[in-house]
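Below is one structure, written out as structure tokens; the observations come after it.
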Ligand SMILES: Cc1cc2nc3c(=O)[nH]c(=O)nc-3n(C[C@H](O)[C@H](O)[C@H](O)COP(=O)(O)OP(=O)(O)OC[C@H]3O[C@@H](n4cnc5c(N)ncnc54)[C@H](O)[C@@H]3O)c2cc1C
């Protein structure tokens, strides 16, 4: 049996992301390091074997790890909830897991701001905010992720009056490679603040963050069927009608499920059903998707069949906002999610549809999820200086089996690049520094900040080398 301290995130994630490691305390240090830990991300699409694994409980212990890394010329990667579908959180050097730095540090009821340690999971933050009558104004689909992790990768949801989640951060503290702690906000180290909200894990260790919250609210979710033509022809009207509007397109068909989420005073209610959501929507779907790995021509039929089965009726749910924003993602999957200028939504989707029609051998699992986000001024935010549409494509891994996706992936990326897209930092993409220089007007500014804070590249890994070299 290992004597690795209990990993608080294991409790919530329900998946074996960490192997059982043999302990190996690092001499002369207060903080214990562990050898032999294996890390796998949630989707099991990437993993790594860090040379040493640390779970610090204090800022001083983090400083010790960085000092040791400098001494031994090692690289360091901080990991949050390990939910990034790409290898952005992987390392073969030192891995710092922030699960024990997960306290709420301060709640300012008057300003509606909460200061938290960087390793807190959203799943643990929501009930605390509930107690204080507060909520985050917008959230991604899952809660087993950390505050520092979601902002670092530019996690987003939907709503034309809402930015990516990092826009809710009003201050943060960062420990840089030499152990210095920097406070950043609009009023202090403002340039660094503009960079550090989407930090990619490459500027240092985020220690704490202050979030601007809103009064607690309930949401009503209404979903109903439509067609791609109707939604694209009336996009502005849909965007105005619902605060958190998104839609799901079912590739190889005209079918769309429209989802409106709006503030409500109605008591919680749910139209969820185990039979439809699990028996049909999960177990039967996974089985049929697995069959389709032998008969890919079935995929179009599966998309149409499940739309007809599960999405042709009107469905309504209402609850506390975080219970409506988040949902259980049951399927392991490969995923790409690019942000394109909002006005390019119709052109890009119709081109993707035309590509699939012209190449019947290229198959695409449902759904393509389309969301909308307000522009911001964060240097490496995919929504930097423009209102954006995110177009999320997936290929499931039924029973862990990879389904060929290369042609779909390449065709999608070509369309995204053509319409001026920028890829989600946490998800799959094939972009390198040359692409990012074209995509991001502030890329040189971010690089200069990174090189100043981390001249030896302590916080780089294979993923980030492609971004910065
Ligand atoms: C099922 C599922 C649903 C998802 N839904 C959405 C969605 O709706 N919208 C969306 O945009 N994305 C979504 N994602 C992507 C997800 O939000 C991001 O991958 C997010 O970064 C995960 O947070 P994490 O805590 O797991 O971060 P990790 O994957 O652990 O880390 C992400 C990055 O942050 C860095 N990092 C983490 N903590 C620190 C720290 N304290 N200091 C310095 N660097 C740090 C890591 O080094 C890494 O670079 C989803 C992913 C999954 C698996």
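The values are calculated or read from the model by the stated rules, or taken from the named source; none is laboratory data. Quick caveat: nothing in here was measured; it's all calculated off a predicted structure. Because the Cβ atoms are built from the backbone with ideal geometry, glycine has one as well, and the counts that use them run over all protein chains shown.
Quick notes on this structure:
- Residue ranges of helices (runs of 4 or more DSSP H) in the stretch 283-386 with at least 1 members under 30 Å from residue 123 (Cα atoms): 285-292, 298-310, 321-325
- Failed item in (1) more than 10 Å from the ligand (Cβ to nearest atom); (2) in contact with a strand residue (DSSP E or B) (Cβ under 9 Å, 6 or more places away or on another chain); (3) not assigned by TED's automatic domain parsing to the domain that holds residue 63, with residue 157 passing the rest: (1)
- The one condition in (1) touching a helix residue (DSSP H, G or I) at 6+ places or on another chain (Cβ under 6 Å); (2) in contact (Cβ under 8 Å) with a residue 12 or more places away in the chain that residue 437 fails to fulfil: (2)
- Scoring residue 272 on the criteria (1) touching a residue at least 40 places away in the same chain (Cβ under 8 Å); (2) surrounded by fewer than 17 Cβ atoms within 10 Å (Cβ to Cβ); (3) within 18 Å of residue 368 (Cα to Cα) leaves a single failure, condition (3).
- Residue in the stretch 134-153 that is more than 9 Å from the ligand (Cβ to nearest atom) and either out of contact with any helix residue (DSSP H, G or I) (no Cβ under 8 Å at 6 or more places or on another chain) or closer than 22 Å to residue 463 by Cβ (or both) present: yes
- From 376, 387, residue being in the same structural domain as residue 409 (by TED's automatic domain parsing), in contact with a helix residue (DSSP H, G or I) (Cβ under 6 Å, 6 or more places away or on another chain) and surrounded by fewer than 19 Cβ atoms within 10 Å (Cβ to Cβ): 387
- Residue in the stretch 194-206 that is away from the ligand (no atom under 15 Å from the Cβ) and surrounded by 18 or more Cβ atoms within 10 Å (Cβ to Cβ) present: yes
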